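All remarks here apply to the structure that follows.
The values are calculated or read from the model by the stated rules, or taken from the named source; none is laboratory data. Because the structure is a prediction, the values reported are computed rather than measured. Positions of Cβ are generated from backbone atoms using ideal geometry, with glycine treated the same way; all protein chains shown enter the neighbour counts. The area values use the complete protein model at the heavy-atom level, side chains included, leaving out ligands, DNA and RNA. Shrake-Rupley method; radii C 1.70, N 1.55, O 1.52, S 1.80 Å.
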Amino acid sequence: MAANNRRMSGKKGAQVGSGGQRRKGLEGKGPTPPAEARKGHKKNRVANAKAKQLQRRAPVARGRGGKGTSEMVVGRNPVVEALREGVPAVTLYVQQFIDNDERVREALQLVAERGGVHLMEAPRPELDRMTNGLNHQGLVLQVPPYEYAHAEDLANAAYDKGEDPLIVALDGVTDPRNLGAIVRSVSAFGGHGVLVPERRAAGMTAGAWKTSAGTAARTPVARATNLTRALEAYKKAGIAIVGLAADGESDITELTALEGPVVIVVGSEGKGLSRLVGETCDFRVRIPMPGGAESLNAGVAAGVVLYEAARKRS
């Protein structure tokens, strides 16, 4: 009987003063987070390992074509906007114990609907380190390096379609939004791609992707180590090089070269074409502006000339 009492005395009864903890444990805690975001889950461990591998990869930015550098989109509104616009993404980092507002919920929903984007929970100090102390608000989106084409790929793609190449080259354009707008115009007017220098020029960042309104997915952007040499190679292949300049010898409405294979070179709004690039051009043309404006934004100027080229080719 004593032994039996000893066994019974080992049982745990209800704890006095539990404060309703057991009752609270029965209350709902909201929807179950995805497996990738649940700490300790196998999918969470796999996602963490893949994300760390991506962070350790060195960016490739040498020679023609190749890849750009990976990029972080930081902050709740920028992350949601990037996901809405279809900006390519590798991983969405979500801060642990984040305040779950509508922007966080929308970001998680967009990632779930898209698929192929890793979801990773991380403590705030880790996100601070990744973003160099920027105000990330608990959301960070990793954008993969952009796959640049080769300069010759743009012309070859046109010839493969039985069409004369219509290419836009940018000289000294450093605003990614201008690049995105030009990519959009090239797509709209039947162009075959955009050529940018490797250095001191805008690249295909998340901002450029957003401004392109999705057209960057089907309009290639090529990168050249030396823009002048790339333009000279186009010339040897029989493609006319047309540079936009405020003091051009003729206006675009008079230029018959737009009817055939052509590269349209757009300079920066402030400085225009650089000396070497200007000397490489076969033609230097101006856009007639009855209103008297001195210059146009690079994206607007490219759109005007592309429209004129499309009109002449139709």
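Restricting to the stretch 101-134, name every residue that is in a loop (DSSP other than H, G, I, E, B) and either open to solvent by less than 90 Å² (accessible area, probe 1.4 Å) or among the aliphatic types (A, V, I, L, M) (or both). Can you show your working first?
The initial filter retains those residues of the stretch 101-134 that are in a loop (DSSP other than H, G, I, E, B), namely 101, 115-117, 123, 131-134.
Asp101, Gly115, Gly116, Val117, Pro123, Thr131, Gly133, Leu134 - these are the residues of the stretch 101-134 that are in a loop (DSSP other than H, G, I, E, B) and either open to solvent by less than 90 Å² (accessible area, probe 1.4 Å) or among the aliphatic types (A, V, I, L, M) (or both).
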Inset, instruction - Please find, among Ser250, Ser212, Ser268, the residue that is open to solvent by 10 Å² or more (accessible area, probe 1.4 Å), of a type in the set (Ser, Thr, Tyr) and touching a Ser or Thr at 6+ places or on another chain (Cβ under 8 Å). - result: Ser268
Inset, instruction - Could you grab me the full set of residues in the stretch 135-191 that are open to solvent by 30 Å² or more (accessible area, probe 1.4 Å), hydrophobic (A, V, I, L, M, F, W, C) and over 15 Å from the mean Cα position of the chain (by Cα)? - result: Ala157, Ala188, Phe189
Inset, instruction - Having 3 or more residues that are closer than 17 Å to His150 by Cβ and touching a strand residue (DSSP E or B) at 6+ places or on another chain (Cβ under 9 Å) is the bar; report the strands (runs of 3 or more DSSP E) wholly within the stretch 160-258 that clear it. - result: 166-171, 193-197, 221-224
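Against the condition under 16 Å from Ala158 (Cβ atoms), under 27 Å from the mean Cα position of the chain (by Cα) and open to solvent by 70 Å² or more (accessible area, probe 1.4 Å), how does Arg199 come out, does it pass? Break it down stepwise before answering.
Working: under 16 Å from Ala158 (Cβ atoms): no; under 27 Å from the mean Cα position of the chain (by Cα): yes; open to solvent by 70 Å² or more (accessible area, probe 1.4 Å): yes.
Here the answer is no, as Arg199 does not meet what is asked.
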Inset, instruction - Would you confirm whether any residue within the stretch 197-218 is at pLDDT 95 or above and at positive phi? - result: no
